[in-house]
1. Give region 176-190 a look and list any residue that's loosely packed, with under 14 Cβ neighbours inside 10 Å and touching a residue at least 60 places away in the same chain (Cβ under 8 Å), or say none.
2. Scanning region 121-148 for residues that are exposed (fewer than 13 other Cβ atoms within 10 Å of the Cβ) and more than 26 Å from Pro211 (Cα to Cα), which turns out modelled with the highest pLDDT?
3. As an exercise: evaluate Asn284 against (1) open to solvent by 80 Å² or more (accessible area, probe 1.4 Å); (2) farther than 24 Å from Arg207 by Cα and give the number of the one condition it does not meet.
4. When region 23-70 is examined, which residues are found to be β-branched (Val, Ile, Thr) and open to solvent by 60 Å² or more (accessible area, probe 1.4 Å)?
5. Contact list please: Cβ distance under 8 Å, first residue in region 149-175 and within 17 Å of Val264 (Cα to Cα) and of a type in the set (Lys, Arg), second residue assigned to a strand (DSSP E or B) and open to solvent by 40 Å² or more (accessible area, probe 1.4 Å), pairs at least six apart or on different chains.
Amino acid sequence: MAAERLTMRQIREILRQKWLDKRPHREVCRSLTVSSGAVSNVLARATRAELDWARVEGLDDAELETLLYRNAAQGATLRAAPDPQWIHAERSKSGVTLQLLHLEYLEKHPDGYRYTQFCELYRRWAKSHRLSMRQVHRGGEKLFVDYSGKKPCIVDPKTGVVTEVELFVGVMGASNFTYAEATHTQRSADFINAHVRCLESLGGVPRDIVPDQLKSGVTNACRYEPTIQRTYEELAQHYGTTIVPARPAHPKDKAKVERGVQIVQRWVLARIRHRTFFSLTSLNEAIAELVDELNDKRMKTYGASRRELFERLDRPALRALPQTRFVFGEWSTARVNIDYHVEVGGHYYSVPHGCAHDTRSGQRSTVDVRATANTVEVFLRGERIASHMRSHDRGRHTTCADHMPSAHRAHAEWSPSRIIGWAATVGPETTKLVEAILSERRHPEQGYRSCLGILRLAKRYGGARLEAACLRAVAVRARSYRHVEAILKNGLDRVALPANATTDERVVTHENVRGPGYYH
């Protein structure tokens, strides 16, 4: 096995057994399952690098690998390795970055490692020593949000039932400025609206919001490419910020809020544990009062309060709030029905009839629907095609006249009073017949077409003949378009009525007979 393929653990063990235990090559080869040539190669490289066991013990893997496997054939000089302890100590100072430390390192060692390898050597050292790389938070950069595992309670004043509610916590990265409120649930509406109130409390918008990967904010949890819930993404677009979820099972990614939640539990929940709250509003009033005290409390480590640091570091860097408040909207998909309506919460809303079918597939269109408390918006391929006031009347329809085909629109404009008004322009006998037809149908709509057909006969036969035909139809109790048309075709409108025929009809009183007054 070639030496270059040995692990650093094997290399160290070869040197230990040869230098400390004085073992022969054969025993070393047997114990490590390596070739004799590999052992010789490692010893030769260590001798060339003027190493001994005491020095090897003081080197980490990266430094030892650099000393053993430098490119001697090309005459490359040994580059000075950066001091990881110095890097770690300097990074704890405010404003110091790895890039700055690399520039200072190059000032001392112009031929040293480039930036990428410089960072990699430090990361290896930090990982081997189980150290967390300190997160450097800049003013206005990040807002960390999370829910508390420990929950406050409210009591129903009528039943005495105790209900646990959720505790939402937000912490600014640079100043530790804290926001907290109770919500009924962790569901999307409560989660999003808590963000809105938090940003309004801050008076501005941070560059990034860092949540945990809970379902209300992330639909598909993933370490590398989490899928942001659509309404959460819409909130970020509205406020001009970015959602950067922490990695699953990596609480150190949001250590600020983890610590902030713990502080709120001790400073707020512990102090209200003996108090009873009968509503979410009264609970949040108590929480807000105690959180204000927390933000005004002087921190020994920083020598200032959270509020002072917030005003100094975060507030100047926050982006301005938009002029309009974000309104929570629930997104869903729906298929357009054949009557160019979509169903949302049991109610039906119209879309332009031309959007009912997808011209590309020939199938009924599938649209995106955004429903708020007051409005319903319909989107087709990202473009809004309809907007309605929201209705909670199940089984009913909300239809915009502009969405209807011209034939449907004309039919929708029909009404009993309008049809009777058209009949009055022909004459009183025509009006009587139309009123009789509408009153005797179970539903007036069933008589619309019959009445319109009768009125159109005036164009073919003239108003006078139609009046005479309607007089005869009323007298003989004929109640249809076909009857009137037959009278005109056969010229019966010109024939005098029989002596026993009368236009004065006995008024029939019945609960199903509405009478003409019903339509006015």
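1. His184 - this is the single residue of region 176-190 that is loosely packed, with under 14 Cβ neighbours inside 10 Å and touching a residue at least 60 places away in the same chain (Cβ under 8 Å).
2. The qualifying residue modelled with the highest pLDDT is Ser128.
3. (1)
4. Result: Thr33, Thr47.
5. Lys151/Glu164
The values are calculated or read from the model by the stated rules, or taken from the named source; none is laboratory data. Note that the structure is predicted; figures quoted are calculated from it, not measured. All Cβ positions, glycine included, derive from the backbone under ideal geometry; neighbour counts span all protein chains shown. SASA here: full protein model, heavy atoms, side chains in, ligands and nucleic acids out. Shrake-Rupley method; radii C 1.70, N 1.55, O 1.52, S 1.80 Å.
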